[in-house]
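Step one of this worksheet: look at the structure below.
The values are calculated or read from the model by the stated rules, or taken from the named source; none is laboratory data. Computed from a predicted model, the values in this text were never measured in an experiment. Using ideal geometry, Cβ is built from the backbone for each residue, glycine included, and neighbour counts are taken over all protein chains shown.
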Amino acid sequence: MICFEAFKKYPIIHGVATRDKTSEDFLKELRISNSRLVYLEQVHRAKVLRIDKRTDLSVPLHECDGAITDLDDIAIIVLTADCLPIFLYDPIKGVIGIAHAGWHGTYEGIAKNMLNTMKSNFKSDASEVLVGLGPAIRQCCYEVKSEFSIRFPNSVIKAAHKYYFDLIGENVEQLLDAGVASKNIFDCNICTSCNNERFYSYRIEGEKAGRMASVIMLKERSGA
């Protein structure tokens, strides 16, 4: 399981499963009940929703790839196999969020949308928000078509007549543009393709690839 050291001093539970753990074992290790788990439909877009007391937790959140909440004991989960899981925590307002960022959602600005949704719903100050970037395919392995250099002019390099996309770098730029402080961005620096023995990679395994669970939850606060 992958966790971010910078998050551990705060009242949140989070982690990314490695492929040697079942979902049941992963959630058991984090002491998260299935009844408190909220899935996203994950349609590779940039829609972000707020989870509140009226949200139906029995079904995946409709057509969204990001969600935020200030509710205790609600675990938001995303599933990935090369795409980037983005964890967010506002320690001042007590708000968490998580996003599933593939290239399409990144192109539509899901990282910025997460910050804007936190700001509009909770008046979060982006400069106070902590961000964790989980395992994902890195530029070393993310070969793309030449058209990507038009979509992402600052995040595609050409090497040996091939093009490579920096999914993480593009999302970092979005976060910085949204006002997140660089010192508050924590990257695990793990490439799922380079480390396929520990992490699922759709690029390598194709349709046979499993999915890694990434989850974040506010701990229950007594008297809240």
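Points to keep in mind about this one:
- Taken over region 77-93, the criterion of being farther than 15 Å from Asn116 by Cα and touching a residue at least 40 places away in the same chain (Cβ under 8 Å) is satisfied by Ile77, Val78, Leu79, Thr80, Ala81, Asp82, Cys83, Leu84, Pro85, Pro91.
- Hey, Ile98 in contact with a Phe, Trp or Tyr (Cβ under 6 Å, 6 or more places away or on another chain), of a type outside the set (Asp, Glu) and closer than 25 Å to Ala75 by Cβ or not: yes
- Checked against (1) touching a residue at least 60 places away in the same chain (Cβ under 8 Å); (2) over 20 Å from Val78 (Cβ atoms), Leu176 passes all but condition (1).
- Here Asp177, Asp166 are screened, and the one residue that is surrounded by fewer than 21 Cβ atoms within 10 Å (Cβ to Cβ), at pLDDT 95 or above, within 18 Å of Asn113 (Cβ to Cβ) and more than 14 Å from the chain's Cα centre (by Cα) is Asp177.
- Checked against the criterion of being of a type in the set (S, T, N, Q) and either in contact with a strand residue (DSSP E or B) (Cβ under 9 Å, 6 or more places away or on another chain) or buried (at least 20 other Cβ atoms within 10 Å of the Cβ) (or both), region 211-220 has at least one qualifying residue.
- Number of positions in region 10-25 that are more than 19 Å from Gly97 (Cβ to Cβ) and more than 18 Å from the chain's Cα centre (by Cα): 5
- For region 13-24, the count of residues that are of a type in the set (Asp, Glu) and modelled with pLDDT under 90 is nonzero.
- Scanning region 155-162 for residues that are over 30 Å from Leu30 (Cα atoms) and either in contact with a Lys or Arg (Cβ under 7 Å, 6 or more places away or on another chain) or surrounded by 20 or more Cβ atoms within 10 Å (Cβ to Cβ) (or both) turns up at least one hit.
- The lone exception for Ile204 - which of (1) within 18 Å of Gly102 (Cβ to Cβ); (2) touching a helix residue (DSSP H, G or I) at 6+ places or on another chain (Cβ under 9 Å); (3) free of Cβ contacts under 8 Å to residues at least 24 places away in the same chain; (4) surrounded by fewer than 18 Cβ atoms within 10 Å (Cβ to Cβ) it fails: (2)
- Against the numbered list (1) in contact with a helix residue (DSSP H, G or I) (Cβ under 9 Å, 6 or more places away or on another chain); (2) under 20 Å from Val129 (Cα atoms), Ile168 comes up short only at (1).
- Output for region 214-224, where each listed residue is at pLDDT below 95 and under 23 Å from Gly132 (Cα atoms): Lys219, Glu220, Arg221
- Selection within region 89-114: residues that are charged (D, E, K, R) and surrounded by fewer than 22 Cβ atoms within 10 Å (Cβ to Cβ). The member of this set that is nearest to Gly66 (Cα to Cα) is Lys112.
- Among residues of region 115-135 that are within 14 Å of Ala181 (Cα to Cα) and surrounded by fewer than 24 Cβ atoms within 10 Å (Cβ to Cβ), those with a Cβ under 9 angstrom from a residue that is modelled with pLDDT under 95 and of a type outside the set (Phe, Trp, Tyr), sequence gap 6+ or separate chain, pair up as Leu130/Ala6.
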